[in-house]
Every structure is written in C-alpha cells, then in structure tokens.
C-alpha cells in the first residue's frame with residue numbers, strides 16, 4: 001500500500017456580496033416581470049369592462065335610433081344629437097358616434113363625422129370590440145332591436 005493520500009481541492013469561496021447582489025437582482029427582475037404581467041392583465045380587464053359598458057349604452061340607444069326613421073317627430077336627429085352629447089359629457093368620453101345600420105352617421109360629438117358613412121360602423125357587431133392605441137380606448141358595437149336585427153352602431157373613444 002502506498003502512503004499517498006488523495007488531495008481534495010478546497011472549494012472556492014464566493015464573495016457573499018456577489019451572492020447577495022445576484023439574489024437582489026433576481027428578485028428585482030422577478031418583481032418587474034410580475035408588475036409588467038399584472039399591467040397587461042389590468043389593461044385587458046379595463047378594455048373588456050369598457051366594452052361591456054358600451055354594450056349597455058347600445059341597448060339604451062335602441063329607441064332613439066328607431067325614432068330617427070319616424071316622421072312623427074321632426075326634431076328626431078336633434079334629439080339623438082343631444083343624447084350623444086349627454087353621453088359624452090357624463091361619461092367623460094373623447095368622441096361618441098352613432099350610425100344607422102348602413103354606417104351613415106346620425107349623431108356624433110366629432111363634427112367632422114356628421115353626414116359621413118363609416119364602413120367599420122356598418123360592419124359593427126355585438127358584443128363590443130375594443131382596441132387600444134395612442135393612449136385611447138375605442139369600443140364599437142352594434143345597436144340591435146329586441147328581435148336581434150341590427151338597426152345601428154355606436155362607437156365611443158375614451159382617453160386612458
């Protein structure tokens with residue numbers, strides 16, 4: 001037998017400051033990722049809630065839109081315009097636009113849209129479709145009769 005003993009190298013000692021810094025960095029990155037993910041989820045929930053509110057507005061606009069085609073009330077378009085302006089003011093919205101089923105603008109708080117035909121409004125369906133861009137959320141939905149027939153559409157834009 002030989003008297004040779006096996007030499008086991010000593011493990012390298014790591015600097016506790018480096019270990020702590022790595023741990024702190026990992027915790028900060030994990031927290032940042034969590035905050036980012038929560039922000040995305042909150043943004044999606046906010047858009048969906050806004051869309052559901054616009055769906056509710058569409059139900060409330062059913063009768064005023066039907067009345068616009070009635071000859072009984074000579075001020076029918078002015079009445080709808082007044083309702084749209086009230087919605088904008090009370091909801092603190094940027095723009096509110098209401099069209100008939102073909103997309104012809106019946107009332108809008110954006111004077112540039114009056115008497116235009118908006119293709120995207122003619123194609124609007126329920127429930128509301130929301131999109132977010134440039135610090136604004138836009139929701140568009142169909143306005144339907146009680147039987148489910150599309151009689152118009154509403155689009156509301158709000159600043160985030």
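The values are calculated or read from the model by the stated rules, or taken from the named source; none is laboratory data. Computed from a predicted model, the values in this text were never measured in an experiment. Don't worry about glycine lacking a Cβ; one is built from the backbone with ideal geometry, like all the others, and counts go over all protein chains shown.
When residue 69 is evaluated against the numbered criteria (1) in a loop (DSSP other than H, G, I, E, B); (2) surrounded by 12 or more Cβ atoms within 10 Å (Cβ to Cβ), which criterion, by number, is the only one it fails?
So residue 69 meets the others, but not (2).
Please verify whether residue 54 is within 34 Å of the chain's Cα centre (by Cα), over 30 Å from residue 134 (Cβ atoms) and modelled with pLDDT of 75 or more, treating the condition exactly as stated. Step through it out loud before you land on a result.
Numbers: within 34 Å of the chain's Cα centre (by Cα): yes; over 30 Å from residue 134 (Cβ atoms): no; modelled with pLDDT of 75 or more: yes.
No; evaluated as a whole, the condition is false for this residue.
Checking residue 117 against (1) touching a residue at least 40 places away in the same chain (Cβ under 8 Å); (2) more than 18 Å from the chain's Cα centre (by Cα), which test does it fail?
So the condition that residue 117 fails would be (1).
Is there any pair with a first residue in the range 81-93 that is on the phi < 0 side of the Ramachandran plot and in a helix (DSSP H, G or I) and a second that is surrounded by 13 or more Cβ atoms within 10 Å (Cβ to Cβ) and modelled with pLDDT under 90 whose Cβ atoms are under 7 Å apart and which are 6 or more apart or on different chains, and what are they?
From residues that are on the phi < 0 side of the Ramachandran plot and in a helix (DSSP H, G or I), the pairs are 83/64; 87/57.
From the list 42, 63, 83, exactly one residue is in contact with a strand residue (DSSP E or B) (Cβ under 8 Å, 6 or more places away or on another chain) and either modelled with pLDDT under 85 or closer than 15 Å to residue 154 by Cβ (or both). Which is it?
Being in contact with a strand residue (DSSP E or B) (Cβ under 8 Å, 6 or more places away or on another chain) and either modelled with pLDDT under 85 or closer than 15 Å to residue 154 by Cβ (or both) holds for just one of 42, 63, 83, which is 83.
Given the conditions (1) within 30 Å of residue 45 (Cβ to Cβ); (2) without any contact (Cβ under 8 Å) to a residue 40 or more places away in the chain; (3) not in a strand (DSSP E or B), which single one is not true for residue 127?
Among (1) within 30 Å of residue 45 (Cβ to Cβ); (2) without any contact (Cβ under 8 Å) to a residue 40 or more places away in the chain; (3) not in a strand (DSSP E or B), the lone unmet condition for residue 127 is (2).
Limited to the range 94-113, what total is found for residues that are free of Cβ contacts under 8 Å to residues at least 40 places away in the same chain and either under 20 Å from the mean Cα position of the chain (by Cα) or loosely packed, with under 14 Cβ neighbours inside 10 Å (or both)?
6
Whether any residue in the range 83-92 is buried (at least 21 other Cβ atoms within 10 Å of the Cβ) and farther than 26 Å from residue 45 by Cβ is what I want to check.
yes
Could you check the range 130-139 and list, in sequence order, the residues that are in contact with a strand residue (DSSP E or B) (Cβ under 7 Å, 6 or more places away or on another chain), assigned to a strand (DSSP E or B) and either surrounded by fewer than 17 Cβ atoms within 10 Å (Cβ to Cβ) or in contact (Cβ under 8 Å) with a residue 60 or more places away in the chain (or both)?
The answer is 130, 131, 136, 137, 139.
Is it the case, given these coordinates, that residue 150 is touching a residue at least 40 places away in the same chain (Cβ under 8 Å) and over 15 Å from residue 99 (Cβ atoms)?
So residue 150 does not fit the description; no.
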